[in-house]
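J.: Sharing a structure below in structure tokens format, with a few things to ask.
The values are calculated or read from the model by the stated rules, or taken from the named source; none is laboratory data. Since this is a predicted model, take the numbers as computed values, not measurements. Quick reminder, even Gly has a Cβ in these numbers, built from the backbone with ideal geometry, and neighbours come from all protein chains shown. Each accessible area value is taken on the protein alone, full model and side chains, heavy atoms only, with ligands, DNA and RNA left out. Shrake-Rupley method; radii C 1.70, N 1.55, O 1.52, S 1.80 Å.
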Amino acid sequence: MKLVTLLVEDDEGLRTSLARSFARRGHEVVATSSVAEAVGHLTRRRMDLVLLDMQLPDGSGLDVLSTARASDSQSAVIVMTAFPDVKLAVRAMKEGAQDFIVKPFDLEELHLIVERALETRELRRCVDRFEQERRSRDDVTEILGESAPIANVREQISRVAPADTPVLIVGETGTGKELVADSIHRQSARSDGPFVKVNCSAFSEQLMESELFGHERGAFTDAREARAGLFEMADGGTLFLDEIAEMSPALQSKFLRVVEGQPFRRVGGTREIRTDVRVVAATNRDLAARVRGGEFREDLFYRLGAFQIVVPPLRVRGADVLMLANFFLRRSAIALRKGPLRFRPEVEEMLSGYDWPGNVRELKNVMERAAILSDSEEVGVQQLPAQHQASAFVRRQAGSSSGTMPTLQEIEQRYMLEVVGRVQGNLSEAARILGIARNTLKSRLRIQEAE
């Protein structure tokens, strides 16, 4: 892709010479001779490089510099100035120019300055990408598991990753949809590009539009400076939109156009911007039902859903539960600087038999808690949250009944455990529903809690 260079110089001979020189080096050169023309070009398109004379017929190069900084903070600006105006050039650098050169100058010297400025610009972009990736991968691991459902997911990822088609990832909360998106990116031809993520439920409609497409200074009350959106940040890489079902219908229309390769404008902007971005979306909702209800655009649904990957819930992954539990327990123990931990047999039984409504995320959190509370090498039921202790107790009681009719005490205990499970282990709420004291409930269920 050619570098786009804006050349702002009122000396016709120098302007022509510079334009030819940079064009021979593969630049697309836009040559102008005034502040007005330069500002017009900057508001209409992105520039990689700006070569800027300080003294122009209709004003100062500083006016062009401020527009360049506002429209794209990552464009490289090189100031060209006569010797008497060196102080002006220094001021320009304080306001965002990368470097300056004093006229008359040697062309090779200018090209060296430009190369250095463009290298610095690329380094800054790489740092930004690295930081974005670091934030997005803070809690990401490989897709672990050997069960048939998860092996099928890995197979689908390996097939779709090399293609550039959008992907829709569907699954319950906590199943690891972000891991799937990350894996698609890492196995794609875009793996060296940025992996940028956004949760569509975290922003209002106006803020979501600004987050995706960016905004210009003054576009709304808090827009004190221009800001690139996530589509620009993800240029050359992958944009992951979690909870896509929460995107407003009004914003879905603009989003669809960009997914289909159309240019967009920042909020409050006039220039059209094109980016090269692969879109991966995820949802835990039934998008087809939302389409029928008029809450989600049908054309966007079919565009995103050209390739769907369904991530299985943890309860259908069999032996993966214990494997993941051991992995998270080991990782938590290392983070806490504890020695190796292992499960008691009754805990392994509980882990395998529990439904895990919160899926992998719930399992990970339970293992972190167990590692924190463990005072020995073994993790027992007492290191588990109340609802998991209750679940283990139910299985012990069911096993001890040996097919006989349950006693009144067992029926009472099972009912109390059912209530505890319904309120996600909140013993105070369960006691209120049952009409008994919290300590009485704990005593009857023999539940142990960490202080």
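J.: Over the chain, with the other protein chains present, what is the accessible area per residue in square angstrom, probe 1.4 angstrom?
T.: Details: 22320 Å² over 451 residues.
Here the per-residue accessible area is 49 Å².
J.: If you don't mind, another one. If you rank Ile436, Ile150 by how much accessible surface each has, with a 1.4 Å probe, what is the order from largest down?
T.: Numbers: Ile436 45, Ile150 5 Å².
Accessible-area ranking of Ile436, Ile150, largest first: Ile436, Ile150.
J.: If you don't mind, another one. Using only Cα atoms, tell me the angle between helix 359-373 and the longest principal axis of the chain; keep it within 0 to 90° and round to the nearest 10.
T.: Around 70 degrees separate the two axes.
J.: Still on this structure, please answer the following. What do you get for GluC sites (Glu not before Pro) in the range 188-275 restricted to DSSP loop and a cutoff of at most 15 other Cβ within 10 Å of the site's Cβ?
T.: Numbers: sites: Glu205, Glu209, Glu211, Glu216, Glu225, Glu232, Glu243, Glu246, Glu260, Glu272; in loops: Glu216, Glu225, Glu243, Glu260, Glu272.
Sparse-neighbourhood loop GluC sites (Glu not before Pro): Glu225, Glu260, Glu272.
J.: In the set (i) 102, 52, 43; (ii) 82, 51, 42; (iii) 70, 50, 33, which value of Cα extents along the principal axes in Å was calculated from the structure you see?
T.: Correct label, based on the coordinates given: (i).
J.: Top to bottom by accessible area (1.4 Å), largest first, where do Asp85, Asp11, Asp320 land? Numbers along the way, then the final one.
T.: Working: Asp85 40, Asp11 80, Asp320 5 Å².
Putting Asp85, Asp11, Asp320 in descending order of accessible area: Asp11, Asp85, Asp320.
J.: Leaving ligands, DNA and RNA out of it, work out the accessible area of Asp63 with a 1.4 Å probe and give it in Å² to the nearest 10.
T.: The value for Asp63 is about 80 Å².
J.: Only helical DSSP H runs with n ≥ 4 go in: add -39500 (n - 2.57) per run for the chain, normalise by residue count and round the 222 nm mean residue ellipticity to 500 deg cm²/dmol. Write out the running numbers ahead of the final one.
T.: On the way: 19 runs with 220 residues, N = 451.
For the chain, the value works out to -15000 deg cm²/dmol.
J.: DSSP beta bridges in the chain, what fraction antiparallel, as a percent rounded to 5?
T.: Numbers: 4 of 42 bridges.
Among the beta bridges of the chain, antiparallel pairing accounts for roughly 10 percent.
J.: Next question, about the same structure. Would you be so kind as to identify which of Ala202, Val279, Gly435 lies farthest towards the positive end of the dipole of the chain, taking Lys and Arg as +1 and Asp and Glu as -1 on Cβ and the Cα centre as origin?
T.: Gly435
J.: Could you tell me the accessible area of Phe220 in Å² (1.4 Å probe, neighbours in place), rounded to the nearest ten?
T.: Estimated to the nearest 10 Å², Phe220 gives 50 Å².
J.: Here's another thing I want to ask about it. Rank these residues by their accessible area, most exposed first, probe 1.4 Å: Phe83, Phe231.
T.: Details: Phe83 150, Phe231 5 Å².
The ranking, largest first, comes out as Phe83, Phe231.
J.: Would you grab the residues whose amide H sits under 5 Å from the one on Val4? Only those 5+ places off in sequence or on another chain, please, with H modelled 1.01 Å from N.
T.: Excluding prolines and chain starts, which carry no amide H, the hits are Glu28, Asp48, Leu49.
J.: Hey, another quick one. In debye, nearest 20: dipole of the chain around its Cα centre with unit charges on the Cβ of K, R (+) and D, E (-)? Don't skip to the answer; put the middle values down first.
T.: Working: 62 positive and 67 negative charges, 212 e Å.
Magnitude of the dipole: close to 1020 debye.
J.: Right, here's the next one. If you roll a 1.4 Å probe over the range 158-208 with all protein chains in place, what percent of the accessible area is carbon or sulfur? Let's see the in-between values first.
T.: Values: 1020 of 2060 Å².
Exposed carbon and sulfur together represent 50 percent of the surface.
J.: For Lys197, what residues show an amide H to amide H distance below 5 Å, using hydrogens built from the backbone and excluding near sequence neighbours?
T.: Here the answer is Phe240, since their amide H atoms fall under 5 Å of that of Lys197.
J.: List the trypsin sites (Lys or Arg not before Pro) within the range 190-285 that DSSP assigns to loop and that have no more than 10 neighbouring Cβ atoms inside 10 Å.
T.: Numbers: sites: Arg190, Lys197, Arg217, Arg224, Arg227, Lys254, Arg257, Arg265, Arg266, Arg271, Arg274, Arg278, Arg285; in loops: Arg190, Arg217, Arg224, Arg265, Arg266, Arg271, Arg274, Arg285.
Those satisfying the criteria are Arg224.
J.: What are the residues whose amide H is under 5 Å from the amide H of Val311, where those residues sit 5 or more places off or on another chain and H is modelled from the backbone?
T.: Val170, Gly171
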